[in-house]
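Here is the structure we will look at, set down as structure tokens.
The values are calculated or read from the model by the stated rules, or taken from the named source; none is laboratory data. None of the values given here were measured: they were computed from a predicted structure. Here the Cβ positions follow ideal geometry from the backbone for every residue, glycine too, while neighbour counts run over all protein chains shown. Surface areas here come from the heavy atoms of the whole protein model, side chains and all, with no ligands, DNA or RNA. Shrake-Rupley method; radii C 1.70, N 1.55, O 1.52, S 1.80 Å.
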Amino acid sequence: KNYPGPYVSAGMEYRFWYLGTALEFDYGWQIVEGGGVGEISSTNMHVTPMLKVYYPLDEVEVFGGFGMGYSSVAVHEEQSNSEASWSSFWEGMKISGGIWLDLEPLGWADGFSLDLVANMVFNSGGNRCTKYNGAGPCLASKDLKPHQRDVAGQLQAGAAFRYTF
């Protein structure tokens, strides 16, 4: 069973008026139930081109975004060198929403802002690998039974500092 854990995110965005196009990278870790410390790890990674829309409201801007790109989820057990993983090239869908707060009125330099964001990531296809002692089959989603294609969606909640040129 996986529990929430930390993630880091980085991105570049070109914004014009109320629209933005971005390339975002996320890497996260989950806390896994069972096993000793460091024996079982769970990670996820997303690289997603995004289209974003901004709407100004008083002191903040509300934004929403959508994108599809690379997504992977992996659980690794150290003692037996076993891994279960899922990856997809263009079938990882990311939906994003949040608020953007300009920090200049709070004494920060011009260009700095704070984002409060929630992302939801869905995986609709890809390859599944199961490796015991470092070896095993990787199967395309078309070769899996319907119950083997399920990959849990991921909810990310975070805060980010942004600098705008």
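Considering all C-alpha pairs of the stretch 1-74, those separated by over 20 Å amount to 47%.
Between rounded, prolate and oblate, where does the stretch 34-84 land on the alpha carbon gyration tensor, with a ≥ b ≥ c its root eigenvalues, rounded for a/c under 1.5, else prolate if a/b exceeds b/c? Let's see the in-between values first.
Values: a/c = 7.76, a/b = 2.63, b/c = 2.95.
In terms of gyration-tensor shape, oblate.
Give a quick list of GluC sites (Glu not before Pro) in the stretch 33-96 that DSSP marks as loop, anything other than H, G, I, E or B, with at most 11 other Cβ atoms within 10 Å.
Here the sparse-neighbourhood loop sites are E33, E59.
Using a probe radius of 1.4 angstrom, the carbon and sulfur fraction of the accessible surface of the stretch 67-165 is 61%.
Evaluated on the chain, the Kirkwood hydrodynamic radius is 17.5 Å, with distances taken between all distinct Cα atoms. Taking G11, G98, G107 as the candidate residues, the one with maximal mean-square fluctuation in a Gaussian network model of the chain, Cα springs under 10 Å, is G107. Surface exposure of the stretch 60-165, expressed per residue as accessible area with a 1.4 Å probe, stands at 59 Å².
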